[in-house]
Structures are given as structure tokens and as C-alpha cells.
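Working notes for the structure below.
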Amino acid sequence: MSSVPVPPFPPPQQLLKEFLSSPQELDIHQYKRHQKLWSRVPMPRSLLEAPLCPAHINIVSERDPSTGTLLDYKEVELDEVGLTASNSTSLQRPPGPLDQLIKGEANQFPFWPGGMDRTDGICSYDNEINFDTDLLTVPPGFSEGMDFRNKTHAASDINSLKINFDELFNVTDIDLQMEEDPQGNETETGDTNQEEQEQIDELVMIPDPVSGGLETSARTPNKNNEAWAIKVELHEDIDDFYKKIPSMAHTWPFELDNFQKQAILRLESHENVFVSAHTSAGKTVVAEYAIALSLSHKTRTIYTSPIKALSNQKFHDFRGTFGESAIGLVTGDVQINKEGPCLIMTTEILRSMLYHGSDVIRDVEWVVFDEVHYINDTERGVVWEEVLIMLPDHVRLILLSATVPNTMEFADWVGRTKQRKIHVVSTLQRPVPLQHYLYTGNSKHTQEELFMIVGEDKKFIVPGYKQALEAKRKSDEKSGPKGGAKGRGQLTTAQERNVWQSLVNLLKKKDNLPLVAFTFSKKRCDDNANSLTNLDLTTREDKHKIDSFFKKSVSILKGSDRELPQVVWMKDLLKRGIGVHHSGILPIIKEIIEMLFGQGLVKLLFATETFAMGVNMPARTVAFDAIRKHDGNRNRELYPGEYVQMAGRAGRRGLDTTGTVIILCKTDVPESGDLVKMILGSPGVLESQFRLTYSMLMNILRVQSLRVEEVMMKSFAELDLVKHHGDHTHQLKEVESMMSSIDSVLCQLCTGDIELYYEQCRLLVNINNQLKDILMSNAHYNKSLLPGRCVILQTNDYKYIPALLLRHNSDQSYTALVLCNHGNDPPISLVDSKSTWVVPYSPINALHVPSDGPSHTLLKVKGREVVAVLKKVISLDVQKILRDCENREIPRFKDNPPADVTGRAIEVLREFGEGGAKGGGAEVMEFNVKSLEYAELKREKERIEETLSSCQCLKCPQFIEHFDRTRQKAILIEKRSDLKFKLSEKSLQFLPEYHQKLDVLKYFGFISNDCTVNLKGRVSCEIHTHEIIITELLFRNFLRQYEPAEIAALLSSMVLQQSHCSDPSLTDRLKQGRDHILSVAKEIAEVEISFGLQASVEDYQREFKFGLTEVVYQWAKGEEFINVIQLTDVSEGVIVKCVQRLDELCRDIGKACKLVGEKQLSLLMEEVSVLLRRDIIFAASLYTI
């Protein structure tokens, strides 16, 4: 066969010439590859481009495993072809754009959360799919679909559809691979024997129908009963620690504590760790080792903190430890060294990165959660849970927390959520033990009145407390009635100054400075510092260092900002060794104070409790201005956890042998019980603050493979439900087994009738209970239940038994004398009676009495167990009857005969019983209850009693046996339904709220009826605060009506957190904008109320605070900070925080505008951001310089 000649390939020079001289041939779709813009002839056809489909196969080589010789090539089918960040949660998808490396984009999918199964949903066995009626015919989002109904065809059409398979296949060509067995029989090799089939069945995980879909992961067969948290024992030293880790990733100049070594061993094994220890115990060592490991592994570590200020401090400290190139910082407005192996950020930033599919997550080996106990924060605790749920499987966790009593429970939730073991390293040991004192001094004469109440052994010292009481009593006697106190818990300014002056002098004399004075009021912090005008705690050398450092730090500010009143005031205080630290202080000033405190130049620091959240800045002494605080709702004592967190700042490791904690007794000495509870009490447990937010819902709903129900199920709030899943599954199997063992009632009289009879009895029991509840609120009824009254009882063991009331107990129960069989056995036996109150109906006069002679016993009954109150009141001494019966319950008197008065009471009850059993009846008291509900219930009761009396099953001679069988089966059916409910998603506590919020989102068009996220919803995913109302304002073109400064002013209402502000002076346009925002808020609140969410319109409207509208407006117009602070009574630090959060919101809105193609509005929001970002509000952090 002749070969076809290969056409000659054009010379390279010709190809180059054609490429350079024919710009119309360039690919316009890949314009980024071109170096310049070429003039070209328009070619409309070039707009039509069909991108190549990604290859589904790949060519791989086969080599000899021993020699490496190339043997062959083969095609391998590729999985997960065509993945992008917009359609896949897989780590195998290609990376996104480099400019979105850190924070991702709202249109990107998150990576698949660890611990969740890769399923499109959880199979529910409560309602099986009906393939005839339940299948969709119209795809989601389509207006039309397919008609799958059976269609009739003409006979000719049907005949034309017939296929002759003999023509298609030649049976003789099919090799059935028949073999002969030893007996000569032919068998097919394709058949599998029974053993092979069982092995296959074991490999194929068929979900258990009784599970109801609560758990779908098959990675761990018995995972619900397995302990995911492993407690690490610390009582023994690790002698071979350095043998196990001969080459440590990081070392310290001091010997590690045992708990630190244990945690490091787990990190080396690449395991999750939860470290619980006191403040300043050295938990940061564990985080530092994780960073060092990631540096050696060429991976990343993310370090999260509760607040931005703490992130800045950690960035400064870690950069000093590991170098500038190793540590990066990511905040809402700053990204420093974002390529660094260790990134420090707040938990909110990490949550945003996870939802937006940040590619940084691919390389993360460790995530460190600092201050995990802040998961108890009502507002922000949900963020921790979201992040822990959404982290991918390859990420390992390091949780650092203060001591809490339920570390194992919390760790078990984390391990169960991520389906990985977590090692709990918990220690109560303090590196520096604490001593707790009461201080009653208030002058030079009493400044030595310092009394220890708790020592290093953690025992309350009663003599010390009594000495403090005595000293305070003498001090009050000397001051007399004109002591000058303005009221309980409040002193004059002069008295406050004297207390602090005497305390500082005492501590200075004892060399116990520096002192952190925790004060639970920003104003009182300022007032206390201002009152100590004559106090100077620094030397000349200290003053020079402070002055030099202060000037250097504020040099980054512009001239007018350096002359701010707070800057000048703080400079004077710091020179005297006094500092103030709270949220009202400017961020740069707070950083100056923190750094000077760390150098030991600040001797007295008045601080709010936020200082206890900071980095390791211990003092020698901690003082409490008071032990009561206002938490936003009420005044209360400090919780033990709050006290321990702040007191833990006392004692400097390596410098002090003990830390001193002092409680000031300004007016009264606290109660000893309150002190013991606060100092020695157990800290508060970690509790779930999980709640459903609109942002969470839409971020999850936009990913079809993720389910909100699964996320809710993984929350800490649902731990008990998931934890007992295995037990409930086992119980359900047992119940179904018991049901199958109960034979059906096959009786001509009872079949079909006894089930109705049982249901009517059950209804009657419920009605009787409702009637009893109404009666028990009736005064006449309660007065009738006096000692000596005859009543009819029905309890779990006694059915319609006459009784005599002897005593009304303090717990609202009654002690009654009842008849019983000999041996104190109940007169009737009800099968499994304790599981239900339902017993065969009988009229009140059909009383039950013992059949083998009357005996008696005392019975404690509840008020609702009294079926009827009889008119008969026995005129006997009930106290004697009661004493006689109680005496004979004593073993040595049990054989004594009953007293005469008791015998007469027994005879009366027996006569009542026999009279009722014979149909004689007993006169029952009627109570005049004027209630429509009571009357309706009485009529319903009479109707049911009439129905019961006419049932044919009552004529059955085996009625009791058949009724018991029916009741047992009904009890089991009810138990099965309850267990199935617990095993299904219907039992999730947030499920009703979830459906309510879905209804709200559908109403406003954020999602479609099939829960597909619409454009509105995708826009709201870019906004992280008040996303519903801001998105509504965007789509209603609200912002287009205003100038940039006005937009900034109006949006400040979305981010301001302080409620009490002076009234701003607004322009007419700002007032119009404010009213429009409140009107939209009212509309949203009314919709939420209609779906059962909001409590009131006013509550929702109060979330939008316009107190800084004027300040922000003037700031955006270019006014200097020294002038805008005169427009409000809000402190400078709060203003700075508000404007910084406002800038983040404006940038989020700008991104959202780009998403909907609103380029002009996006540019407008960028302009707003530029107007805000200037001067002292956006001065660089000293920790990052």
C-alpha cells in the first residue's frame, strides 16, 4: 500500500510573518496573552467561540516497578472533570484568581466541610418516594417541563415499535462460560456463591431504615456510641519527651510544663488538641509549636482571635518570634504579608473565607482558636460554631480555652462534628498561685487594712473575713452618719480618691506594683484616674522613656490629631505612671498604654474587663473596684469565670512567687457566700449560642450539595440528639421486635371495635386531666380537699379506689388512706401500667375493693389523681389515724393491729367501695365552675362516655386480656413514633425557625420557591451585617439619591453599637433618609412578625442607631477629628470603631454592586470609603509598624 505524502510544514519565518502582520487572526477571547492592542478588521464571526470540553481521560505511563523501564502507555479515566470554584466543593478544583486568594468571592463554593458525607441530601424513610406521583415534571427555574404520563398509541404504532431481538443478537455468539462442577452439572461462573454474596453485602452499606436520616456517614460504624474526646492524663511526667521528639520544630529558653509537652506530642502526631488552662499558664506555647510545624512542613497555620485588637497584638508577638516573612495579618481593612505561612485574623474573617471558598484553605494544616470560651458570647458565639462546622477535613484544630467544667463535652462535640478524635489537655495548675484579699482602708490610718480570705490552698479563711467585717464596722462608726456616702455602693469623689490613694501607697510600700484596677464603667475609670492628680509613680528615667516612646508613637498622626484632648490627657497620666484602658480610648492610645505596661512603665492601670482578653500582660496585683456589674440587662455579681479570667492577670511568671488579688470594700463587705461562690465557684460551662442568620442560610443554600439541616444537626446545641442516636436506633429495633411478638386480637366482638374503645379511653383521660387542671385553680375545689374528706383516686396502680385524705403536704400533694390487698399490693394489676394512664373505662360508681379482705396503706397522691370528691366527710381524728399508720410502718410495729379509729375509717371506706361496686353509687360533689371551656369539656366527656358504653367489645368474656394487648401495642406504636421523630430532622430545635426564615426570604425574593438563591440572595452574601435591609435598600435604588457623605452618614446606623447617644442635628435630606430606612425596617419586621419571627416592630427598629449620623456626615465632608468629637457625647474610641466598621460595610456593598453590574454605584461606594479612610481613625496599628 502506497503511503500518503505528508504536506510540507511552512517555514518558521513565514509563520512568524503571518502572525505579526495579520492581527485579525488573533484570538480576541484570549486578549490577556497579547502584549499590545492591534488595529484589526472587524470579524463578527470571531465572537462565536466554543470552548473545548475538558478531557475526560489522561495518558499515563506504565513502568517496571523494579527497574523503572517504560513498558507501555494506557488511558486513565479522570474523575471530577470540569470542576470550577463556581460548581464544586472539591479540593481538586482549579484555583481561583490570585487577587481573590485570601478572601475568595461570593460566587465561589466553600470547600466541603469535614465530617459531612458527600451526599446531595439525607435520605428520609419517614415518607418513601412514590415514583408515580412524587417525581418532578418541571425542572427548578423552568416554566415548562416534560409530560411523563402514559400515552395511548395506535395499534400500528405499537407494532412498529416491536423489536426482533433474534435479529439483533446471535445467541450462539454469546459465551456464557459454562463450567462443570464435580458432579458433572453445568454452572455459570458468573454466579456468586452465598459466601461471596454475603461479603458483597457487607461492603455495600445499605442505610438502616430506622435511622430516619440523622446520621449518614459510614466512616465509623459505631461512631455515635464512640468517645471522640480523649482525656490526656497529666499526673505523670514525660521522661522520654526529648527521645520521642529528638529534633523539635521550635524550642524555648525555659523547661516546658507537663501539659505543654503532652499537647506538643499530639501535634507531632498530627492530631486535634483542646488545651484548657488558666490565664497566663502558657497556652500560647502550643500555638507557637503549631506555627513552627507548619513552617517545617511548608504548610499554613491560621491563628484566630475574638477581637481585632488581639489579632494585632499576636501579629506583633509572633513576628518577633518567627520573623516578619513568616507571619501575616488579615483584617477587614488591612492585609499584611498575606502570603505568609501563618495568618492571624478574627474568627469572622475566617468564616467569610470559608463561605467564599478561599484558596488559602487548601494549604492550611492547623487552625488555632484562641479564647474558645468566648463561644458563650451571645452575639458572636455562633461564629465559632459555624467555622468549626465548615472547616475542611484536612485541617487540624487547636483549641485554647480558659478552664471550664465541660471541656470533655465540648471536645466530644468537636470530634463528633469533624469525625476525628480530639485530645483534651486540661490543667488547673497556675504557674503563679493567687492570694485573695479584702481591703477596707480609706485613709493613711487605715491603709494597712488588708485581710486574706483565700490562700494558695484555695480554702476560704473565715477569720480573715471576720477581721474585715470588724475593721469595716469600726471605720463606719468613726465616720458616723455624716460619712458622706451618696448612697449604697457610691462614694464621693474625695472618698474614692482616698481609697485608691491608700491602696496604691500600701502596694508601693510592699513592692506590689504594677496594679491593674478592674472597673466596670468607662466613666468611673476616667474619674478615678483624674482624681489622682497628686499621685506620681514614675522616676525621672521612667518619665523620659515614656515621653520619648509617646512622641515617637503619635508622630504618625497629623498635627491636629496630636492635640486631641484625649491624647494630651493620656500623655500627662502616663508620665505619672497611670493609664486608662477601655473601649472609649483611641486605638493608638490603647496600644501605647499596652506597650508601656508591658515594659513595666505603667504602674497603675484602670481598665474594664476587656483588658483581661488581651495577650499575656500580667501584673503583680489585680484589684476589683466592685464585684457587681451591669451586663446590659441587669446589675449582677460577677460570674466565677469572669472573676477568674480577670484575677488571672495577677502574678508574673518567673518574677513573682504569688499573685495578689484585692477586692475593695468601699461601702460594705460582700457577703461571704457571694465571695465563696465567685472566688471558688466553678466557671460557667461552654454553651451553644448557635442561631440561624440570614447570611448563613443563603451562603449554604447557594451550594446545592450542602443542606442547612445538616449544619443545624452539627451544631453544639444538637449534641445530645446526635449523641443518643445510636441508643435511639437500638431502642427502635427493640420496640419493633416487641411489636412483632404481640399477637393481633382475633375476636368477633373485639376486632375493629377495641381499637376504637382504646382511643376513646385515651381521649377521656386527656379530657379528665384538662378538667382537673381547671378544677385545681378553683378556690372552692381546693378548700374541699381537707383532711377527713372521702375521695376517689385513680393512680398508676389503683383504679377508682375509695380513699380518705389525712394530710395536705407542703409539696401540694396529699397523704391518703386507701384499701389494698394483703401485703400492700394494689387491688388490680395493670400490664405495663406505669407507661400510660389509659385503663378500661368504668363509671365512677364502679369502685374497686380488695377481693380477699380489706387491708390498708398510706398513699401519697397528686391533686390531679383525685378523680372525684365525695360529699362525705368522716368525723374522726385524722391525726390519730395518720400517726397510727405511720407508726405501723416502722418494722418493729408492723404486726400491731390497727387502732380503733383506723379500723372505723377502714370500715367506712369498705362500705363506700361495696356500695359503689353494687351500683349504689356515692354522692359526688359538683363544683360551680363558670368557664366555657369547662362546660365544653364536660359535654365532650359525656359524649365519649356514651360512646364507650355502647362498644360491643365490652361483651367479650376476654375483654381485659384483649384490652391489655391492644394497649401494649398502642404504647409501642407511640414509642416507635417518638423514636422515629427523634431520629429524624423534624426533631431539630431550629427547624421551625428555619422554615420561618425561608418564608421571609421567599417573600422578599432572596430565594425562589424551590429554595434556589436568586440575585438578591447572592448580593446579600457579600454583606455581613443587616444583609436583608441593606440589600433591599440597594434594589430599591435608595443609595443613588444621596451624596457620598450622606450615604456614609445614613449607613452608620447599621454599624453603631452604642445605644445611648446625644441626639444628632440632621439636615432635611438626612432626616428623609433616616425615615426611609426605618420604614423599610418596619416593613421587614412586619413580614417577620407575620411568619412568627420578630417580637415587635420597635425592637427591630431599635437595632438601627442614628446617634453618630451627624459626626460621620461631617467627617466624610472633610472635617477634622478634633471638631467632630464636639458634636456628640460618644467617646473617641467608639467613634473610631464605628467608622472603621462603616468602611468595611461600604467596601462590601461595593463588591455587591459589581455583582449586579452596578458599576457607577460601586464607584460611588469606593468614593465613600476614600472619604472615610484618613487621619487618626485609620492610623496604622503600632503592632504592625
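The values are calculated or read from the model by the stated rules, or taken from the named source; none is laboratory data. Keep in mind the model is a prediction, meaning the values are calculated, not measured. Neighbour counts run over all protein chains shown; Cβ positions are idealised from the backbone, glycine included.
Yes/no per residue for (1) assigned to a helix (DSSP H, G or I); (2) among the aliphatic types (A, V, I, L, M); (3) surrounded by 22 or more Cβ atoms within 10 Å (Cβ to Cβ):
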residue: Lys314; (1), (2), (3): yes, no, yes
residue: Phe318; (1), (2), (3): yes, no, yes
residue: Asp333; (1), (2), (3): no, no, no
residue: Leu343; (1), (2), (3): no, yes, yes
residue: Gly357; (1), (2), (3): no, no, yes
residue: Arg362; (1), (2), (3): yes, no, no
residue: Trp366; (1), (2), (3): no, no, yes
residue: Ile389; (1), (2), (3): yes, yes, yes
residue: His394; (1), (2), (3): no, no, no
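Rundown of residues vs (1) at pLDDT below 80; (2) assigned by TED's automatic domain parsing to the domain that holds Asp393; (3) within 30 Å of Asn337 (Cα to Cα), yes/no style:
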{"site": "Pro23", "(1), (2), (3)": "yes, no, no"}
{"site": "Asp27", "(1), (2), (3)": "yes, no, no"}
{"site": "Tyr31", "(1), (2), (3)": "yes, no, no"}
{"site": "His34", "(1), (2), (3)": "yes, no, no"}
{"site": "Arg40", "(1), (2), (3)": "yes, no, no"}
{"site": "Pro65", "(1), (2), (3)": "no, no, no"}
{"site": "Gly68", "(1), (2), (3)": "no, no, no"}
{"site": "Ser86", "(1), (2), (3)": "no, no, yes"}
{"site": "Ser90", "(1), (2), (3)": "no, no, yes"}
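Hey, can you tell me all the residues within segment 858-898 that are assigned to a loop (DSSP other than H, G, I, E, B) and at pLDDT 80 or above? Lay out the reasoning, then the answer.
First pass over segment 858-898, keeping only residues assigned to a loop (DSSP other than H, G, I, E, B): 862, 874-877, 888-890, 894-898.
Within segment 858-898, Lys862, Ile874, Ser875, Leu876, Asp877, Arg888, Glu889, Ile890, Asn896, Pro897, Pro898 meet the criteria.
Might you let me know whether segment 665-681 holds any residue that is in contact with a strand residue (DSSP E or B) (Cβ under 9 Å, 6 or more places away or on another chain), within 17 Å of Ala517 (Cα to Cα) and in a strand (DSSP E or B)?
No, segment 665-681 has no match at all.
Given the conditions (1) buried (at least 20 other Cβ atoms within 10 Å of the Cβ); (2) of a type in the set (Ser, Thr, Tyr); (3) more than 35 Å from the chain's Cα centre (by Cα), and given that Thr1109 satisfies all but one, which numbered condition is not satisfied?
(3)
Quick one: is Glu1166 touching a helix residue (DSSP H, G or I) at 6+ places or on another chain (Cβ under 6 Å) and more than 22 Å from Gln1057 (Cα to Cα)?
Values: touching a helix residue (DSSP H, G or I) at 6+ places or on another chain (Cβ under 6 Å): yes; more than 22 Å from Gln1057 (Cα to Cα): yes.
Against the criterion (touching a helix residue (DSSP H, G or I) at 6+ places or on another chain (Cβ under 6 Å) and more than 22 Å from Gln1057 (Cα to Cα)), Glu1166 qualifies.
Pick from Asp547, Asp572, Asp561: which is over 18 Å from Leu537 (Cβ atoms), in a helix (DSSP H, G or I) and of a type outside the set (A, V, I, L, M, F, W, C)?
That would be Asp561, the only listed residue that is over 18 Å from Leu537 (Cβ atoms), in a helix (DSSP H, G or I) and of a type outside the set (A, V, I, L, M, F, W, C).
Could you tell me whether Lys444 is out of contact with any Leu (no Cβ under 7 Å at 6 or more places or on another chain), among the charged types (D, E, K, R), touching a residue at least 24 places away in the same chain (Cβ under 8 Å) and not assigned by TED's automatic domain parsing to the domain that holds Lys666? Spell out the reasoning first.
Numbers: out of contact with any Leu (no Cβ under 7 Å at 6 or more places or on another chain): yes; among the charged types (D, E, K, R): yes; touching a residue at least 24 places away in the same chain (Cβ under 8 Å): yes; not assigned by TED's automatic domain parsing to the domain that holds Lys666: no.
In short, no.
Looking at Ala263, is it touching a strand residue (DSSP E or B) at 6+ places or on another chain (Cβ under 7 Å), in contact (Cβ under 8 Å) with a residue 12 or more places away in the chain and under 20 Å from Val414 (Cα atoms)?
Spelling it out, Ala263 is indeed touching a strand residue (DSSP E or B) at 6+ places or on another chain (Cβ under 7 Å), in contact (Cβ under 8 Å) with a residue 12 or more places away in the chain and under 20 Å from Val414 (Cα atoms).
Among Val1111, Val1130, Val1097, Val1136, which is of a type in the set (A, V, I, L, M) and free of Cβ contacts under 8 Å to residues at least 24 places away in the same chain?
Working: Val1111 fails: free of Cβ contacts under 8 Å to residues at least 24 places away in the same chain; Val1130 fails: free of Cβ contacts under 8 Å to residues at least 24 places away in the same chain; Val1136 fails: free of Cβ contacts under 8 Å to residues at least 24 places away in the same chain.
Just one listed residue meets the conditions, Val1097.
How many residues are over 19 Å from Ala263 (Cβ atoms) and in contact with a Pro (Cβ under 9 Å, 6 or more places away or on another chain) if we restrict to segment 385-416?
Number of matching residues: 6.
Has segment 247-265 got any residue that is hydroxyl-bearing (Ser, Thr, Tyr), modelled with pLDDT under 95 and part of a helix (DSSP H, G or I)?
If we filter segment 247-265 for residues that are hydroxyl-bearing (Ser, Thr, Tyr), which is where we start, we get 247, 251.
Next cut, modelled with pLDDT under 95 only: 247, 251.
Next cut, part of a helix (DSSP H, G or I) only: none.
Scanning segment 247-265, I find no residue that is hydroxyl-bearing (Ser, Thr, Tyr), modelled with pLDDT under 95 and part of a helix (DSSP H, G or I), so the answer is no.
Yes or no: segment 326-340 includes at least one residue that is closer than 21 Å to Ala263 by Cα, over 23 Å from the mean Cα position of the chain (by Cα) and not assigned by TED's automatic domain parsing to the domain that holds Lys1137. Before you say what the answer is, go through the steps one by one.
If we filter segment 326-340 for residues that are closer than 21 Å to Ala263 by Cα, which is where we start, we get none.
No, that holds for no residue.
Taking the criterion of being more than 40 Å from the chain's Cα centre (by Cα) and either over 29 Å from Tyr439 (Cβ atoms) or free of Cβ contacts under 8 Å to residues at least 12 places away in the same chain (or both), would at least one residue in segment 576-592 satisfy it?
No - not one qualifying residue is present in segment 576-592.
For segment 623-662: of the residues being of a type in the set (Lys, Arg) and assigned to a loop (DSSP other than H, G, I, E, B), which is surrounded by the fewest Cβ atoms within 10 Å (Cβ to Cβ)?
Checked segment 623-662; the qualifying residue surrounded by the fewest Cβ atoms within 10 Å (Cβ to Cβ) is Arg634.
For segment 975-1054, which helices (runs of 4 or more DSSP H) that fit wholly inside it have 3 or more residues that are surrounded by fewer than 17 Cβ atoms within 10 Å (Cβ to Cβ)?
Numbers: elements: 991-1003, 1015-1020, 1027-1035, 1044-1051.
Per the criteria, 991-1003.
Consider Leu399 carefully, then state whether it is out of contact with any Ser or Thr (no Cβ under 7 Å at 6 or more places or on another chain), more than 23 Å from Asp631 (Cβ to Cβ) and outside any helix (DSSP H, G or I). Spell out how you get there, then give the answer.
Working: out of contact with any Ser or Thr (no Cβ under 7 Å at 6 or more places or on another chain): yes; more than 23 Å from Asp631 (Cβ to Cβ): yes; outside any helix (DSSP H, G or I): yes.
So Leu399 passes the test.
Among the residues of segment 466-523 satisfying the criterion of being at pLDDT 90 or above and of a type in the set (S, T, N, Q), which is surrounded by the most Cβ atoms within 10 Å (Cβ to Cβ)?
So the residue we want is Thr519.
Residues Lys1071, Lys1002: which one is basic (Lys, Arg) and either closer than 30 Å to Gln731 by Cβ or outside the structural domain of Leu1127 (by TED's automatic domain parsing) (or both)? Give the derivation first.
Details: Lys1071 fails: either closer than 30 Å to Gln731 by Cβ or outside the structural domain of Leu1127 (by TED's automatic domain parsing) (or both).
Matching residue, one of Lys1071, Lys1002: Lys1002.
Mind checking which pairs have a first residue in segment 724-735 that is touching a residue at least 60 places away in the same chain (Cβ under 8 Å) and a second that is surrounded by 15 or more Cβ atoms within 10 Å (Cβ to Cβ) and acidic (Asp, Glu), Cβ under 7 Å, 6 or more apart or different chains?
From residues that are touching a residue at least 60 places away in the same chain (Cβ under 8 Å), the pairs are His725/Glu215.
Being under 17 Å from the mean Cα position of the chain (by Cα) and not aromatic (Phe, Trp, Tyr) is the requirement here; does His316 meet it?
no
Residues that are aromatic (Phe, Trp, Tyr) and under 21 Å from Ile588 (Cα atoms): find the helices (runs of 4 or more DSSP H) completely inside segment 1096-1177 holding 1 or more of those.
On the way: elements: 1097-1101, 1109-1116, 1121-1124, 1132-1155, 1159-1172.
In segment 1096-1177, the matching helices (runs of 4 or more DSSP H) lie at 1109-1116, 1121-1124.
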